[in-house]
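To start, the structure under review is shown below, and the notes come after it.
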Amino acid sequence: MSGRHPPIPPPAADPRTTAPRPTRFDRRTLLRASAAGAFATATGGLAAACGSAAGQGPGKVAIHGDNPAWEAPLKAAGQALQSTAGLQLVPEVIPSLESFEQVVKSSLRTQKTPDLLKYWSGYRLRDLARTGGIEDLSKQWQDAESRGWVEPSLREAFTYDGRVYGLPMNLAYWVIFYNPEVFAEHRLEKPETWDDFLTACTRLKENGITPLHGTTAGRWPAFIWFQEILSRQDPQFYDDLMNGRERYTDPRAQRALRTIAGFFDKDWFTSMDVDHNNAAAAVVHGDVGMVACGTWLGAVFAGAGAKPGKTVDAFVLPMADPAARPCVIFESSAFVATVKGPDKDEALKAAGGWLHPEVATAFAHGLSDGSPNPTVEPANVVIDGVARRSKDLWLLNRFWEQGPPELVESTVDDLAGMLIDPHSYRGGLRTMQERADEAWKVWREAEKS
């Protein structure tokens, strides 16, 4: 998850805090201050790392990323790459939080650029491609697709101006985690319909279990429930809104936030200060019923002692409108090669071998997550079940990767404010649309230039 696939925040000292929630102003101030602090940390850390990008020597190529949890899986993939392509992948992890992408862009203008990057898909990748600092990987994609090594429907998320600028690294599905033993104790089964989901929330609450995890901890998670509810009520509207073809002031956006406000009125959510680490542990221990997150959270559940298929499982949130096209949100990071990297030829060779089944298997199993290579065996029973269920669903890219990055950043803060004051959504949506009008105007003008 870093936002993005963001680094998972450290556990809170008290996951069940009873301290008063801050006002909307205080929360937004805190979010902005946190982002500013992250920028300072990131600038120093990544600048130092990029400043040392002098090459790795023959047979080695470095990949820079922002998530410490990916270091071991990248090393495992690197070992597989060495046996399949004669290259050793060297991960360089810079836990830079919110500012990783801005600092990466700065490095692309220098002669000290990392060879490979773990980046984001969607508009963030398009924004990076506009700099001219990253390589066209269309040939590598086509080679992988011709061998059946990549899911073709993912291509759009890695494309700008008709060219592919990144290869998918992982394939995380956005799901609802739950504890099957807790569900069985309360005569509940995995929800197959929207009404089943609401019944589960109601019954868990009646039995003293907080039904749902909701949070602004770490800032980026503020988009989660808006993304999940909106895409299940009207997936086409979600896709259009995220791509600037619809408006936040539309009644359909209001309906999604009104639904979330209704969940708050029923007291279905945890405190907004409970992070994903603590929420996962609370699900295992039966204190929280369900957690919405990417399937990469399975590694956190494992760390909390959960057993896949027994004390943790997952389901795709059912469609609220049964007549709508069934969908699931996905998340996939981009394997990117830079133009000015010191080991450019080896970086391109590594890109060509990234989706090889042995490499893709080593990485996906190291993450305990899904793979963009459909030939890879699922990492565990939870991933297997979700992947089977998602096979015929419409894959919609995650909120964080959709839309001009500056717009997404500000919209996340607006959504965080509405999670603190749920019934303020009408005014919040007007503010969001005002920002969207300006951001899309700037984005489209830049595309013309």
Amide H to amide H, which residues 5 or more places from Val288 or on other chains are under 5 Å from it, using H placed in the peptide plane?
Val283
In Hz, Karplus ³J(HN,Hα) per residue of the stretch 330-347 (6.51, -1.76, 1.60; θ = phi - 60°; x = Gly, Pro):
10, 9, 8, 7, 9, 8, 10, 10, 8, 6, 9, x, x, 10, 4, 4, 6, 5
Order of exposure, largest accessible area first, which applies to Glu401, Glu445 with probe 1.4 Å
Glu445, Glu401
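Suppose every Lys and Arg Cβ carries +1 and every Asp and Glu Cβ carries -1, with no other charges. What dipole size does the chain come out with about its Cα centre, to the nearest 20 debye?
My answer is approximately 500 debye.
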Roughly speaking, what is the stretch gain from Ser106 to Thr131, that is 0.36 nm per residue apart minus the C-alpha to C-alpha distance, in nm to one decimal?
8.0 nm
Around Lys391 (Cβ within 12 Å, Cβ-to-Cβ, excluding Lys391; K/R +1, D/E -1) the net charge comes to -1
From largest accessible area down, sort Glu189, Glu447; use a 1.4 Å probe on the protein chains.
Glu189, Glu447
Expressed in angstrom and rounded, the centroid-to-centroid distance over alpha carbons for the stretch 318-372 and the stretch 427-444 is 30
Average accessible area per residue (Å²) across the chain - probe 1.4 Å, nucleic acids and ligands excluded:
39
Using the structure shown, select from Lys340/Lys448; Lys112/Lys139; Lys307/Lys391; Lys139/Lys441 the pairs with a Cα to Cα distance greater than 30 angstrom.
Lys139/Lys441
Once amide hydrogens are built 1.01 Å from N within the peptide plane, the residues lying 5 or more places from Ser371 or on another chain with amide H under 5 Å from its amide H are Leu171
Rank these by accessible area, largest first, 1.4 Å probe: Trp296, Trp394.
Trp394, Trp296
Rg/Rg_ref, the stretch 122-172, where Rg_ref = 2.2 N^0.38 Å and atoms are Cα
1.08
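Where does each of 196-209, 133-146 land if you order them by average Cβ count within 10 Å, highest first?
133-146, 196-209
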Between His285 and His423, what is 0.36 nm times their sequence separation minus the Cα-Cα distance? Round to one decimal in nm.
46.5 nm
Antiparallel DSSP beta bridges within the chain, as percent of all bridges there, nearest 5:
55
Would you calculate the separation in nanometres between label points at Arg388 and Glu206, each defined as 7 Å from the Cα along the Cα-to-beta-carbon direction?
3.1
For the stretch 312-434, the charge dipole (Cβ of Lys, Arg +1; Cβ of Asp, Glu -1; about the Cα centre) points to a positive end, and the Cα of Ala323, Pro405, Gly352 closest to that extreme belongs to Ala323
So if R0 is 35 Å, what FRET efficiency would Trp440 and Asp143 give, r being the distance between their Cβ atoms, rounded to the nearest 0.05?
0.50
At a 1.4 Å probe radius, carbon and sulfur cover how many percent of the accessible area of the chain?
50
Which far-off residues, 5 or more places away or on another chain, put their amide H under 5 Å from the one on Val312, with H placed in the peptide plane?
Lys307
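The values are calculated or read from the model by the stated rules, or taken from the named source; none is laboratory data. Keep in mind that this is a model prediction, so the values were computed, not measured. Every residue, glycine among them, receives a Cβ derived from its backbone with ideal geometry; neighbour counts consider all protein chains shown. Protein only, heavy atoms only, side chains kept; ligands, DNA and RNA dropped before computing areas. Shrake-Rupley method; radii C 1.70, N 1.55, O 1.52, S 1.80 Å.
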